[in-house]
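Below you'll find the structure, written out as structure tokens, and then a few comments.
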Amino acid sequence: MNKDIKFQVYRQPITLITPQKAISLQEFLNFTKNPPPTTKQVFDQIAAAEASGNQVLKARLKQTFLYYFTPCVIVDPIRNYKSIKSFTGLLVLDFDHIDNAADFKTFLFNEYRFIIAAWLSPSRRGVKALVIIPIVTTIQEFKELYYGIAAEMEVYNGFDPSGQNAVLPLFQSYDPDLLCRDDFNTWTTKGIKRNDFTTSPATPPPRIDPTDQDKQTIVKIINTGFDNIIDYGHPPLRSLCISIGGYVVAGYISESEALQLINNRIENHHSLCKGITGYKKTAQWSLRAGQTKPITLNYRQNG
């Protein structure tokens, strides 16, 4: 891990949006594992507020006493989109209100090698994680990478998608059992935001009378798509099923036929069979979303 990656730290109150200074990733990890004793007492109070359901007190404690960070960007002069000067190559994952947060932290860290660090949130009922991504140059690129990883993470209870905001504050945490690694992978899969698809009915092209060749082509597209899913399943599965939805609304294959083929491949896929229910939900949603954008087979377009 490049523990010399730097990002900015801010003092409270939360309305103070001018960064105090830049710290290294290594300094951040050390600070999270072992803050000063007075800060540890604040975390005990935050955990007690979460346990009692007092979200107002929890928020006040966080926003009054804790430092916060912007790990994804360097800004100047203030924390907003217009002031972004560069991206750091980091992305933040956030999971809230989890009863077995410590166990989930370990599972998440062991399951995904692109997670370079994972720790408990201030309430100790959530998990935060840092992911290595390519250093991008635009907000759009950052969001595309976030949407890609969100498609993988949204199957887990408590996933908070607000991390798509590159300047979102990350509050200081305390976890002496923070997990980190040096041998990591880089997340490079891009995606789209789910509500980028309209829910209004599509206006399809003139109804196609499908030939046997057309259906065989759609089946081949489905099988090839599944053959190319090697590691993280949700982003490529989502993209594939959105495309198939386009062929469904164009009339090449019925939704029920397509979904049956897709579910069968999920059940028998060496990787996807580990989470059949979640992958089937992703497939069904994506197949419906794709039906807002009809797709015509290339050889039909050409003649």
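Side notes on the structure shown:
- Taking each of 128/280; 82/143; 143/190 in turn, the alpha-carbon distance tops 19 angstrom for 128/280.
- 222 nm mean residue ellipticity, helices alone, for the chain (DSSP H n ≥ 4; -39,500 (n - 2.57); rounded to 500): -13500 deg cm²/dmol
- Over all other residues within a Cβ to Cβ distance under 14 Å of residue 55, the charged ones net out to +2, with Lys and Arg as +1 and Asp and Glu as -1.
- Alpha-carbon centroid distance for the pair the stretch 275-293 / the stretch 92-139, whole angstrom: 25
- Rounded, prolate or oblate (a/c below 1.5 giving rounded, otherwise prolate when a/b exceeds b/c) for the stretch 74-125 by Cα gyration tensor: oblate
- Net charge of Cβ neighbours under 15 Å - reference residue 11; Lys, Arg +1; Asp, Glu -1: +3
- Tilt relative to the chain, helix 276-290 - C-alpha long axis, 0 to 90 degrees, to 10: 70
- The modelled label-to-label distance between residue 74 and residue 11, using points 7 Å beyond Cα along the C-beta direction, is 2.3 nm.
- In the elastic network of the chain, a GNM with C-alpha springs shorter than 10 Å, the most mobile of 97, 270, 234 is 270.
- The stretch 1-158 shape via C-alpha gyration tensor axes, a/c threshold 1.5: oblate
- Using a Gaussian network model of the chain in which every pair of alpha carbons under 10 angstrom is joined by a spring, one finds that among 122, 169, 37 the greatest mean-square fluctuation is at 37.
- Per-residue HN-Hα couplings for the stretch 58-67 [Karplus 6.51, -1.76, 1.60; θ = phi - 60°; Hz; x = Gly/Pro]: 4, 5, 5, 5, 4, 7, 9, 10, 9, 5
- Rounded if a/c under 1.5, otherwise prolate or oblate - the chain, Cα gyration tensor axes: prolate
Throughout, read-outs are computed from the coordinates displayed, never taken from laboratory work. As the structure is a prediction and not an experimental result, all values here were calculated from the model. Please note: Cβ atoms are built from the backbone with ideal geometry, for glycine as well, and neighbour counts cover all protein chains shown.
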